[in-house]
Amino acid sequence: MLALATVLVVVVTVAKHDDSGSQGSGEVAGATAHSPFLGARDGGRGWMRSRSKRVSVIWAIGDGADGGEDSRAVAAMVRARRVDRFLYLGDVYETGTAGEFQAKYDSAYHDLDGITAPTIGNHEWPNIATGYAPYWTAVRGSPAPAQYAFAASGWQLISLNSNTPTAPDQLSWLQAQISQTPRYGTCRIAFMHHPRFSAGSHGDLTALQGIFGELQGHASIVLAGHDHDMQRMRPVNGITQYVDGAGGRELYPVNRSDSRLAFADDTEHGALRIRLIPGRAVLTFVAEDGSTLDRSVVGCHQR
């Protein structure tokens, strides 16, 4: 049985904060002894450019590319707001073909393509070579890697492929990524399609425990979709699991008697807004109509 760990996760009201600061080239942001580490000012060389500003607003949506009315409404709600990076947590329906990417994903999210960090879902996984890879090659110049990392406002964000949860090469890559970037400490957010913990219809995926084990002590937040609802779990070994699979597909019920739940909603479609500053993330579940459903804060420590 995994022990519950105490981390900073509280409900708060947060004021708006504008971006500030310049962005140079080839330097390390926040390099002085008393200032936070923000990452490379030039954005790095990864598939997704890093962002060394002090404040970043990131949105995450899963299971939202089915071409339906709710999917388009959630996408429009997000596009109308500030978005510095967009995490698509997977699933393009029904099977992620090239035609479905154009008709159901591109029509909703095309405006965000340049700042989108996707992770592949189980629906498009069988057609990765003909749907997922060609789409991202066309809009970004190269296919999205199976796993990759970038930074935003002092946090490292890591995309992982939960369709191959026990793949040795992915676990080795994750170990190396953590080892090579020690400055982030526990200020990491991992995102993938399947949740390790869920009180929804799909439930827990124990095959992800190897990945979760590697993240313990090195990350504070894990994001996923797959279950078509919104959940905030209580922290487990220092990591808070968020589920946002309410991007537009039909909703799944949540078992509200699950003692691990800190928040759940299975009646509203919506998205997760993540405001990052060094050492602090404010995560807000936002409904399709723009109303706030839940707001929490997760703290972390750089090294």
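The values are calculated or read from the model by the stated rules, or taken from the named source; none is laboratory data. The shown structure was predicted, so the numbers you read here are calculated from the model rather than taken from an experiment. Positions of Cβ are generated from backbone atoms using ideal geometry, with glycine treated the same way; all protein chains shown enter the neighbour counts. Quick note on the areas: whole protein, heavy atoms, side chains included, nothing else; ligands and nucleic acids left out. Shrake-Rupley method; radii C 1.70, N 1.55, O 1.52, S 1.80 Å.
Taking each residue as 0.36 nm, the span from T130 to R81 lengthens on full extension beyond its C-alpha to C-alpha distance by 14.4 nm. Taking other residues whose beta carbon is less than 14 angstrom from the beta carbon of V222, and scoring Lys, Arg as +1 and Asp, Glu as -1, yields +1.
The residues packed around D266, meaning those with a beta-carbon under 11 Å from its beta-carbon, carry a net charge of -4 if Lys and Arg are +1 and Asp and Glu are -1. For I189, the residues 5 or more places off, or on other chains, whose built amide H falls under 5 Å of its own are Q156, L157, I158. Computed in the context of the full set of protein chains, the accessible area of region 203-243 at 1.4 Å probe radius has 50% of its extent on carbon or sulfur.
Could you sort H193, H226, H202, H218 by their accessible area in this structure, using a 1.4 Å probe and putting the largest first? Can you show the working numbers first?
Details: H193 0, H226 25, H202 90, H218 60 Å².
Sorted descending by solvent-accessible area, the residues read H202, H218, H226, H193.
Keeping all protein chains in place, calculate the accessible area per residue for region 106-241 (probe 1.4 angstrom), answer in Å².
Numbers: 4190 Å² over 136 residues.
With the other protein chains kept in place, region 106-241 gives 31 Å² per residue.
Just so you know, the averaged projected area of the alpha carbon convex hull for region 140-253 sits at 7.7 nm².
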